[in-house]
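Below: the structure, in structure tokens.
The values are calculated or read from the model by the stated rules, or taken from the named source; none is laboratory data. Owing to the predicted nature of the structure, the values given are computational and were not obtained by experimental measurement. Every residue, glycine among them, receives a Cβ derived from its backbone with ideal geometry; neighbour counts consider all protein chains shown. All accessible areas refer to the heavy atoms of the entire protein, side chains included, with ligands and DNA or RNA removed. Shrake-Rupley method; radii C 1.70, N 1.55, O 1.52, S 1.80 Å.
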Amino acid sequence: METPSDWEGRLARWQNELELFEQLDETPWVTLAKAEAETGVSRSALRSWYRNGEIRSRLVDGPNGPQRLVQLDAVIERAAASPRIQRRAEREVSLEAQVTLLRHRVDQLEMRLAALERK
């Protein structure tokens, strides 16, 4: 039987692997749940997009079994290209959420700039 400390260890290792993916690709790979929360795009739309090859995804071992990850930047770009999602987002996303999304984009750009400066 798995103890709480075993579970916490598995969860910590999984989170470390996610961070490693982000560092290797210089773009964050996130779960569908996080992509949905960050962008307001439904999981069904995300699934449709990766199945149709519109965004990249990968399947990794997670603490509860296989976990689908998508690149957050690709989701944001794809959502920006969708007039339907943009109209819905404009209606539903509060000013605070928009600021959070913009902060995330600025953070990503700063990370890319720092990586380019190191080269």
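Computed values, structure above
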item	result
Sole exception among (1) out of contact with any helix residue (DSSP H, G or I) (no Cβ under 8 Å at 6 or more places or on another chain); (2) at pLDDT 90 or above; (3) not aromatic (Phe, Trp, Tyr) for ARG118, by number	(2)
Count of residues meeting criterion [buried (at least 20 other Cβ atoms within 10 Å of the Cβ) and either touching a strand residue (DSSP E or B) at 6+ places or on another chain (Cβ under 7 Å) or among the β-branched types (Val, Ile, Thr) (or both)] in the stretch 64-82	5
Residue count for the stretch 60-81, restricted to those that are of a type in the set (S, T, N, Q) and touching a residue at least 12 places away in the same chain (Cβ under 8 Å)	2
Cβ pairs under 7 Å, 6+ apart, first in the stretch 43-59 and under 12 Å from ALA79 (Cα atoms) and touching a residue at least 24 places away in the same chain (Cβ under 8 Å), second surrounded by 10 or more Cβ atoms within 10 Å (Cβ to Cβ) and not hydroxyl-bearing (Ser, Thr, Tyr)	LEU46/LEU32; LEU46/ALA35; LEU46/GLU36; LEU46/VAL70; LEU46/VAL75; TRP49/ILE55; TRP49/ARG78; GLU54/ARG78
Any pair with Cβ under 6 angstrom, 6 or more apart, that starts in the stretch 8-32 at a residue that is exposed (fewer than 13 other Cβ atoms within 10 Å of the Cβ) and ends at one that is at pLDDT below 75	none
Subset of the stretch 33-59 [within 10 Å of GLN71 (Cα to Cα) and open to solvent by 60 Å² or more (accessible area, probe 1.4 Å)]	ARG56
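A quick yes/no check of all residues on (1) at pLDDT 90 or above; (2) in contact with a Lys or Arg (Cβ under 8 Å, 6 or more places away or on another chain):
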residue	(1), (2)
GLU38	no, no
SER48	yes, no
GLY62	no, no
ARG68	yes, yes
GLN71	yes, yes
ARG87	no, no
